[in-house]
Amino acid sequence: MAAPILVSVYFGSGAAGEEFRRMARALEYSALRHAPAWRLELREVPPATGYRSTLGVPAHEANSAKLDYWRARIAAADDGDRVLLIDADTMITGPLDPVWDLPFDLAITTAAERLPFNAGVVFVRVSDRTRAFLEQWAAVNRSFLGDAAALRPWRTRYAGINQAALGFMLERAGHGCDVARLDGAIWNCEDSNWKRFDPELTRIAHLKSELRRAIFRGLTGRRDLAPLVAAWRTLEAAAVEASR
């Protein structure tokens, strides 16, 4: 069986682009440590063009471009390929291979508080069903980008635009896929799960919002973020040293 594939894309412009380059380098290094047999596809791409948010939210435009990249990558993959679609602001903190022991077409990760899931980590077993799922997810996302009224109720429930469109898919679309929900504290430790971060159990940590500000600008009053900040800085230092 072919090795699993990790796919991540980020935009390289401005100060935020420099932060993403640093995070992508650390993500790549962490994947080499914890998933050494995987194929890694981390791409820096030009700023998103051709996407216009009617709400005027640049993050919605960038995330729409990212989702289109994911869609195209799954469309081009072979049947049976095992693909992790992952945001670049993440780090791998434990072995990833055990996820493929679970039965699913797609697997997403749960959040612990207000939102039901976070769409920054998606595991895919490639088939006609999952190709169609990504096509429809991206199409719904594009329709929401240009229709603020249609987006509003889904954004209220799920936040963002990728997550809003994914919520629509799960609630309304007859996609025919087995969608597993993985424990976010293990497979996507984002803001709602940071207090549950455990270096012995967590496999992926997500450097969102306040955690990212703490890492790059020291802006946080949350003591519970200290272990994650320290883990990422240690990881980045090792990645820089390895690149010399």
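Odds and ends about this structure:
- Fully extended contour minus Cα-Cα distance, from V57 to D178, at 0.36 nm per residue: 40.4 nm
- Taking every protein chain into account, the accessible area of the chain amounts to 45 square angstrom per residue (probe 1.4 Å).
- Part-to-part distance (alpha-carbon centres) for segment 191-238 and segment 7-64, which is given in Å: 18
- Model label zone, A112; criterion: amide N under 11 Å from point 7 Å along Cα-to-beta-carbon; scope segment 23-51: none
- The distance between label points at L201 and R244 comes to 3.7 nm (points 7 Å beyond Cα on the Cα→Cβ vector).
- Fraction of accessible area attributable to carbon and sulfur, the chain (%, probe 1.4 Å): 51
- Considering the chain, its Cα convex hull presents a mean projected area of 12.9 nm².
- Charge context of T90, other residues only, Cβ under 12 angstrom, K/R +1, D/E -1: -1
- Segments 26-32, 118-124 sorted - mean Cβ within 10 Å per residue, highest first: 118-124, 26-32
- Derived from the Cα gyration tensor, the three semi-axes of the equivalent ellipsoid of segment 27-161 are 26, 16, 16 Å, largest first.
- Charge context of E18, other residues only, Cβ under 14 angstrom, K/R +1, D/E -1: +1
- Sites A139 and A237, calculated FRET efficiency, Cβ-Cβ separation with R0 30 Å, nearest 0.05: 0.10
The values are calculated or read from the model by the stated rules, or taken from the named source; none is laboratory data. Just so it is clear, the structure is predicted and the values come from calculations on it, not from any experiment. Reconstructed Cβ throughout: ideal geometry from the backbone, glycine too, with neighbour counts over all protein chains shown. Quick note on the areas: whole protein, heavy atoms, side chains included, nothing else; ligands and nucleic acids left out. Shrake-Rupley method; radii C 1.70, N 1.55, O 1.52, S 1.80 Å.
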